[in-house]
Amino acid sequence: MDTNASPLDGLLALLSAPASPVHGVRSWEEVFQELGTALPADFVALIERYGAFEVGGLGEDDHGERDYLEFLVVADPRSEHRKVTWAQAAVLRADAYNPLREAFPDMHRLWPEPGGFLGWGTTIDGDWFGWLTEGEPDEWPIVADGRDDEWRGEPPLRITATEFLLHWFSGAPDLPHMAQLWAGGEWEPVECKPLSS
């Protein structure tokens, strides 16, 4: 890989973007206004190139059959799903999860709390990848939040969302649990497809 290439160029070399990306109909300015903040510039560039996308491949389903399974989904914040915007969905998620914090005080605070977790991608196993919204958007660190407690205590990563995906798909994981998520040959061939609403 070219050491002078941007993280997005590096990711594109490993994971081709959909030929016809699916983009949301809202403007970035509308999204930022609703959120009350911009989003990291690298993520905006990622979505401009890939649109809303899923990554999957041939894997083993619950019945032991080989089938196409998507293992990562990244939505376009400019899209609406079931008439709910990306920001509204994040608020609903926070409302649903906040009661759990009494039982699990080490859980991440969720956006829109200051510094709270704002998710940008999900896995087949219910894991969330996102940012801790502390400081300027381009400095937001990446964290993971799992359906179980396996991610608790993992330090935030001071890399961008695009760098995170590049590390994942290049086989150079930065999180101890990443090896469990990236099954390599189990998912061959890996494809990136536009995410339909």
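Tell me the residue from ASP62, ASP67 that is open to solvent by 40 Å² or more (accessible area, probe 1.4 Å), over 21 Å from PRO156 (Cα atoms) and either at pLDDT 75 or above or assigned to a loop (DSSP other than H, G, I, E, B) (or both), please.
On the way: ASP67 fails: either at pLDDT 75 or above or assigned to a loop (DSSP other than H, G, I, E, B) (or both).
Every option except ASP62 fails the conditions.
Out of (1) under 27 Å from TRP168 (Cβ atoms); (2) modelled with pLDDT under 85; (3) touching a Lys or Arg at 6+ places or on another chain (Cβ under 8 Å), the odd one out for GLU80 is which?
Status for GLU80: all satisfied but (1).
Select the helices (runs of 4 or more DSSP H) contained entirely in the range 1-50, then report the ones holding at least 3 residues which are open to solvent by 60 Å² or more (accessible area, probe 1.4 Å) and over 13 Å from ARG78 (Cβ atoms).
Those helices (runs of 4 or more DSSP H) span 7-14.
The values are calculated or read from the model by the stated rules, or taken from the named source; none is laboratory data. Since the model is a prediction, treat every value here as computed from it, not as a measurement. Methodologically, a virtual Cβ is constructed for each residue, glycine included, from the backbone with ideal geometry; neighbour enumeration extends over all protein chains shown. Please note that ligands, DNA and RNA were not included when accessible areas were found on the heavy atoms of the full protein model with its side chains. Shrake-Rupley method; radii C 1.70, N 1.55, O 1.52, S 1.80 Å.
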